[in-house]
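Working notes for the structure below.
The values are calculated or read from the model by the stated rules, or taken from the named source; none is laboratory data. Computed from a predicted structure; not experimentally measured. Because the Cβ atoms are built from the backbone with ideal geometry, glycine has one as well, and the counts that use them run over all protein chains shown.
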Amino acid sequence: MKNQFTRRHFLRGTGALLALPTLESLGFRAFASTAVTKPPKRLMFMGIGYGVTAETWFPDLNDKGAGYKLPAGLKALARHKEDFTIVQGCRHHLSRQAHWGSTYWLTGANQYGTPGQSFSNTISADQVAAAQFGQHTRYTSIQLGTDANDRNGHGPGNSLAWDRRGKPLSAWNSPLETYLKLFAADDMPLAQRRAMLAEKRSVMDSVLIEAKDMQRGLTKSDTDKLDEYFQSIRDIETRLSKAEKWMDVPKSEGPLEAPEEALVGRSEIEMMYKLMVAAIQTDNTRVITYREPGSRLLSSIGAGGNPHNVSHYRLGAETEVSSKMRDKAHSELLAGLIDQLKATKEADGSSLFDHVALAFGSNIRSIHYLNNPPTLISGGGANLKLGQNLVLNEGTPLNNVWLTMLQGIGVNAERHGDSTGIVSELQA
């Protein structure tokens with residue numbers, strides 16, 4: 001294939017390629033030394049709310065290292081045993097809410113950390129990475145969730161993600177919505193979209209001027225509230241600027257068909273996993289979180305009970321059977337996700353799995369227990385020591401694990417939340 005590239009053509013082409021995998025067939029072989037770089041790092045978190053069946057999900061604490069026996073709850077992951085590590089012994093020391101399995105999972109924040117307020121949070125680990133990685137992609141980060149009526153065990157928030165002010169980030173709550181956001185072409189003419197952006201900026205500027213006029217004579221409490229408001233305006237400005245930057249860059253072509261609208265529970269999670277792979281494969285984002293359904297999963301696999309009473313399972317009772325059924329479904333779905341990551345090839349011949357760091361788990365172990373939360377780490381992107389049952393000193397900050405992952409994928413972070421350092425035993 002013969003191509004004549006000018007600098008202008010190349011720059012314009014590069015803009016379009018940001019939303020696509022790097023493809024040799026597009027004629028960029030000649031630019032291999034400069035245009036085709038090694039694949040970027042990606043980060044994925046999947047949170048499950050109420051936790052797991054402790055007796056059958058965790059490996060024996062005394063059975064450490066690579067030769068550990070895989071427990072029944074993880075049997076479906078046997079073919080990937082060398083490619084994930086179970087981390088035990090951690091906890092969030094400031095976390096007290098036994099029904100909030102995801103609110104503080106990636107932050108470890110103190111609910112009462114802001115004087116005079118009954119709820120407070122801080123930035124989540126994914127958003128620390130997004131601040132560095134997000135400048136290169138259409139979406140700074142992607143938050144996935146489920147139906148608003150199925151958030152048992154997750155706690156406050158709209159997703160797993162919390163911004164630098166400790167405010168919740170919204171989520172795409174269905175596979176179809178996610179597909180359309182990622183791959184559906186915007187039929188609105190470019191000029192009209194630009195006009196709408198300009199109108200939003202005009203409204204925002206007017207509101208900002210009025211807000212600044214109010215500053216004189218306010219109490220300290222009101223001044224603090226107004227400062228927070230100004231920060232939210234700046235956040236909106238950042239989003240508008242990003243939308244403007246990507247406005248004339250066509251969306252990437254979807255590598256899979258649009259999903260059905262009525263996917264529930266297991267099929268819902270399975271499709272979300274496929275869309276997560278598609279999102280990072282096409283470089284629409286490099287940071288994804290997914291707050292997974294609870295009730296919908298249980299009903300879809302024929303398990304009795306609801307997430308709350310299943311979490312409070314009694315040995316030998318129906319609730320324990322349902323809890324184990326849920327664990328089995330999660331492990332099978334996770335195994336399928338790892339299959340996809342390994343099967344998806346990068347331009348340099350490596351797999352997507354080689355450049356992803358992912359975590360699966362919850363802030364709740366089971367029942368009301370917050371110590372030793374289920375923590376599964378996988379992916380080759382963070383240069384972590386996989387294939388082991390890693391038992392840390394009891395009470396090791398879970399944020400130490402997140403910090404180790406962040407540094408492993410190249411994020412410039414010296415600490416995260418209440419971290420006291422990296423987990424050296426987790427490093428390869």
**OP:** Starting from region 140-153, take each residue that is over 26 Å from Ala129 (Cα atoms) and list its partners that are among the β-branched types (Val, Ile, Thr) and modelled with pLDDT of 95 or more, counting only C-beta distances under 8 angstrom and pairs at least six apart or across chains.
**Re:** none
Subject >> Residue check, Lys200 of a type in the set (Lys, Arg), surrounded by fewer than 21 Cβ atoms within 10 Å (Cβ to Cβ), part of a helix (DSSP H, G or I) and at pLDDT 65 or above >> reply: no
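Among the candidates Thr319, Thr289, Thr375, which residue alone is over 22 Å from the mean Cα position of the chain (by Cα) and closer than 26 Å to Gln88 by Cβ?
Exactly one residue qualifies, and that residue is Thr319.
Name the one entry in Ala76, Ala66, Ala54 that is in contact with an Asp or Glu (Cβ under 6 Å, 6 or more places away or on another chain) and surrounded by fewer than 21 Cβ atoms within 10 Å (Cβ to Cβ).
Details: Ala66 fails: in contact with an Asp or Glu (Cβ under 6 Å, 6 or more places away or on another chain); Ala54 fails: in contact with an Asp or Glu (Cβ under 6 Å, 6 or more places away or on another chain).
Result of the check over Ala76, Ala66, Ala54: Ala76.
Residues are listed down the side, and each one gets a yes or a no for (1) touching a residue at least 40 places away in the same chain (Cβ under 8 Å); (2) touching a Ser or Thr at 6+ places or on another chain (Cβ under 8 Å):
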position	(1), (2)
Ser300	no, yes
Thr319	no, no
Met325	no, no
Thr344	yes, yes
Asp348	yes, no
Phe360	yes, yes
**OP:** Kindly list the number of the only condition in (1) buried (at least 20 other Cβ atoms within 10 Å of the Cβ); (2) in contact with a strand residue (DSSP E or B) (Cβ under 9 Å, 6 or more places away or on another chain); (3) assigned to a loop (DSSP other than H, G, I, E, B) that fails for Leu334.
**Re:** (3)
